Amino acid sequence: MDGVLNPIEIKKGVASKDAVRNFSVLRAVEKEPREDDISPGKGHIKAKIGTGAVICMTQDIIPIDKKNWYIPAWII
């Protein structure tokens, strides 16, 4: 929304701190692409990475780090 991507991971159990490790693949969209990185006919999405969430079987909303949170599945 508004050029900001908010990553979400869904786990069927209680997640561990490494649940957000896959969010790192989104870092590439925060950078300006080099001319030779863009294939003809393909664009590049430039966006900021916002707050992330790991939806899991935790009991409360708990911070993982400064940008990511555990969210209980029962809330949604």
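Counting charges near residue 56 (Lys, Arg +1; Asp, Glu -1) among other residues having Cβ under 13 Å from its Cβ returns a value of 0.
Close amide H partners of residue 47, meaning residues 5 or more places away or on another chain with modelled amide H under 5 Å apart, are 30. Take the Cα of residue 47, go 7 Å toward its beta carbon, and the backbone nitrogen atoms of the stretch 12-26 under 11 Å from that spot belong to 26. The local environment of residue 73, defined by Cβ-Cβ distances under 10 Å, has a net charge of +2 under the rule Lys, Arg +1 and Asp, Glu -1.
Laboratory data are not the source of any read-out in this text; all were calculated from the coordinates shown. Note that the coordinates shown come from a computational prediction; the quantities given were computed from them, not determined experimentally. Here Cβ is always computed from backbone atoms with ideal geometry, including for glycine, and neighbour counts include all displayed protein chains.
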